[in-house]
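This report concerns only the one structure given below.
The values are calculated or read from the model by the stated rules, or taken from the named source; none is laboratory data. Since this is a predicted model, take the numbers as computed values, not measurements. Every residue, glycine as well, gets a Cβ built from its backbone with ideal geometry; the counts of neighbours run over all protein chains shown. Keep in mind that these areas ignore ligands, DNA and RNA; they rest on the heavy atoms of the full protein, side chains included. Shrake-Rupley method; radii C 1.70, N 1.55, O 1.52, S 1.80 Å.
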Amino acid sequence: MCNFERPYQNLYIYLLDGIVPEAEETALGSGFIGNWVEGENSFLFFSMPAQERVAKLLKSKPDLRLLEDYHFPYESWQGGGLEPLRISPFLIVPPWMHMDAKRDEVKIVIDPGVVFGTGLHPTTRDCLRAVSRLSRTAAMGRVLDIGTGTGILGMAAASMGATEVWGVDANPLCVKTAQRNVRLNHLENRMTIEQGNAEDFTDKPAETVLANIHYDAIMKLMEAPAFREKQWFILSGLMRSQARDLKMVLMRHGLQVVEEWDCDMTWYTMLVRNC
């Protein structure tokens, strides 16, 4: 039997001007889900109304200010219902549902919380296809998963033969969520989740890079010789014009696009090899 509960029915989000210290989170009550830090703002997520909790926090921290609050169904935040999802050869299953993988499938358990990376977005789906394609083409070796989110891509790589995986994310809530998912999939001996900026990890001794991140972040990473010297890249989060411009940069640095995926000619994903 499954011991996990289904996800929250509703989300109550409070946008604050200022960053809420992690030490203050324990006082936010049992309904507190997590603190999403974006720039100089904090998005506090709750599974129930928390006006009194937030008001108490603001009173104790006068440098914080409430900007807005939101309320909507959990499924609206994730872009749909969280049901088992097949993206060959992967079977993505939430921990509150039981489903056995078929003989030729690789099962990955994902509890996304309020973090993105469930397999519903086309870039995630195509990155999973790219991981599968790469695993049939070459040894992935050590993998650096930049912007790991829920950890789904790094776990897919670990499940398909990567010897070691580092998942990196600047967002502390993503780090906590990915660490939880690593434990759910019993991959602690092959996958490590770290918090930090992507550019601080370009020197990691990895053969393969997974980067489903913003175009500007990819272009900035491409400026680092240590990043460009990796053997394989799966690059995504790209729109049509961005994919075109990135191809020019790849060509200039002697990097070859081996295969490309697109969703409705809107979202693009590339498997790239260092020639």
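Residues in the range 216-240 that are in a loop (DSSP other than H, G, I, E, B) and either of a type in the set (F, W, Y) or surrounded by 21 or more Cβ atoms within 10 Å (Cβ to Cβ) (or both): K230 only.
Exactly one residue out of R86, R136, R103 is farther than 30 Å from R228 by Cα and not in a loop (DSSP other than H, G, I, E, B), and it is R86.
Quick one: is N212 in contact with a helix residue (DSSP H, G or I) (Cβ under 6 Å, 6 or more places away or on another chain), surrounded by 24 or more Cβ atoms within 10 Å (Cβ to Cβ) and at pLDDT 95 or above? When the stated conditions are applied, N212 passes them.
Residue-wise test of (1) open to solvent by less than 20 Å² (accessible area, probe 1.4 Å); (2) under 12 Å from I87 (Cβ atoms); (3) of a type in the set (S, T, N, Q).
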| residue | (1), (2), (3) |
| --- | --- |
| D104 | no, no, no |
| I108 | yes, yes, no |
| G113 | yes, no, no |
| V131 | yes, yes, no |
| A139 | no, no, no |
| I152 | yes, yes, no |
| M160 | no, no, no |
| A170 | no, no, no |
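Looking at the range 185-205, can you tell me whether even one residue there is under 11 Å from the mean Cα position of the chain (by Cα), modelled with pLDDT under 95 and open to solvent by 10 Å² or more (accessible area, probe 1.4 Å)? No - not one qualifying residue is present in the range 185-205. Only a single criterion out of (1) open to solvent by less than 20 Å² (accessible area, probe 1.4 Å); (2) assigned to a strand (DSSP E or B); (3) touching a Phe, Trp or Tyr at 6+ places or on another chain (Cβ under 7 Å); (4) not hydroxyl-bearing (S, T, Y) is not satisfied by A243, namely (2). Considering only the range 23-43, I want to know if a residue exists there that is over 24 Å from the mean Cα position of the chain (by Cα) and crowded, with 18+ Cβ neighbours inside 10 Å. Yes - at least one qualifying residue is present in the range 23-43.
Scanning the range 246-266 for residues that are closer than 23 Å to S135 by Cα, open to solvent by 70 Å² or more (accessible area, probe 1.4 Å) and at pLDDT below 95 gives a single hit, D262.
L187: touching a helix residue (DSSP H, G or I) at 6+ places or on another chain (Cβ under 6 Å) and assigned to a loop (DSSP other than H, G, I, E, B), yes or no?
Taking the combined requirement at face value, the residue satisfies it.
Return yes or no: is A158 closer than 29 Å to D100 by Cα and among the hydrophobic types (A, V, I, L, M, F, W, C)?
yes
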